[in-house]
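So the structure is just underneath, and the comments pick up after that.
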Amino acid sequence: MMLSHWLYGRRLPNAGHMNDIFLTAEQIKAEKQKAHYADILWRHYYDNQAIDPFILRSAAERLMVSKGLPSRLLGLLSWLFEEFRPQAYEFVELPLSALCQNRLGWLYESASLKAGFEPHPFKQIQPLHEIGQNDVSNVLEKFLSRQQTSLGKRWHLYDFPLTELKEQLSWRRSKPRNIRESLIF
């Protein structure tokens, strides 16, 4: 009914509704771009190329807006953040979404970096990785809470330990090239 009022000009959406519309549109766009950004990151990893920290941070922002990420991609992101150390956020640079901020904060801390901001509290803990549906059933919630690390609890996210994934990534890759030789623009 509310949409009908908006479409026919009887009412205008308030700021909260406009923010929700914006965040939903950003999430839809991020879902469509997820495979593209993942491909870029994996290509740099397998080609043993350095990646500019600013570009890495921008790609992580786009990926963290999506509904969730596969565990290997989360491990790769954390590993890349450890390797190329993007700068922490300034307050004015923060994304609008509190969920995206928490995901980015988790990513920075998973790479032993400072995020530059504190977690936003949520009434319900949000999943970080792809689980296929938005609603978390009681059984799935119990499973996710058993996997959750102290870092996930701090950022109000269901996560899992990345240590083993990141060790596998380090083992497969030789020493990265000089960053000046292989920067992408």
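Each value in this text was obtained by applying a stated rule to the coordinates, not by laboratory testing. Small disclaimer: the values here were computed from a predicted structure and weren't measured. Here the Cβ is made from the backbone with ideal geometry for all residues, glycine too, and neighbour counts use every protein chain on show.
When the helices in the chain are scored as -39500 (n - 2.57) per DSSP H run of 4 or longer and the sum is shared across all residues, what 222 nm value do you end up with, to the nearest 500 deg cm²/dmol?
Calculated mean residue ellipticity at 222 nm is -18000 deg cm²/dmol.
Using Cβ contacts closer than 10 Å as the measure, can you line up W6, W106, W155 from fewest to most?
Ranking W6, W106, W155 by Cβ neighbours within 10 Å, fewest first, gives W6, W106, W155.
Taking θ = phi - 60°, what integer Hz values does the Karplus form 6.51 cos²θ - 1.76 cosθ + 1.60 yield along the range 156-161, in sequence order, with x for Gly and Pro?
6, 9, 7, 10, 7, x
Non-local amide H neighbours of Y158 (under 5 Å, H modeled in plane, Pro and chain starts lacking H): which ones?
Those qualifying (amide H under 5 Å, at least 5 residues apart or on another chain) are Q126, L128.
Would you mind classifying the range 22-108 by shape? Square roots of the alpha carbon gyration tensor eigenvalues, ordered a ≥ b ≥ c; an a/c under 1.5 is rounded, otherwise it is prolate if a/b is larger than b/c and oblate if not.
Cα axes put the range 22-108 in the oblate bin.
In sequence order, what are the phi-derived ³J(HN,Hα) couplings for the range 2-9 according to the Karplus relation 6.51 cos²θ - 1.76 cosθ + 1.60 with θ = phi - 60°, rounded to whole Hz, with x for glycine and proline?
Once θ is set to phi - 60°, the couplings for the range 2-9 become 4, 4, 4, 4, 5, 5, 8, x Hz.
Residue-wise, which Karplus ³J(HN,Hα) couplings in Hz belong to the range 38-54, taking 6.51 cos²θ - 1.76 cosθ + 1.60, θ = phi - 60°, and x for glycine or proline?
Per-residue couplings from phi come out as 4, 4, 4, 5, 5, 4, 5, 5, 6, 7, 6, 9, 6, 10, 4, x, 5 Hz.
Taking amide H atoms as placed 1.01 Å from N in the peptide plane, list the residues 5 or more away in sequence, or in a different chain, whose amide H sits under 5 Å from that of L69.
So L69 has HN proximity to H129, E130.
Putting +1 on Lys and Arg Cβ atoms and -1 on Asp and Glu Cβ atoms, find which of Q33, S58, G9 reaches farthest to the positive end of the dipole of the range 1-58.
G9
Can you bin the range 107-168 into rounded, prolate or oblate? Criterion: square roots of the alpha carbon gyration tensor eigenvalues sorted a ≥ b ≥ c, rounded for a/c under 1.5, prolate for a/b above b/c, oblate for the rest.
oblate
Once amide H atoms are placed 1.01 Å from N in the peptide plane, what residues at a sequence separation of 5 or more from H120, or on another chain, have their amide H within under 5 Å of its amide H?
N102
Specify which labelled value, from [x] 228; [y] 145; [z] 163, agrees with volume of the Cα convex hull per residue in Å³ derived from the coordinates of the model shown.
Label [y] holds the value from this structure.
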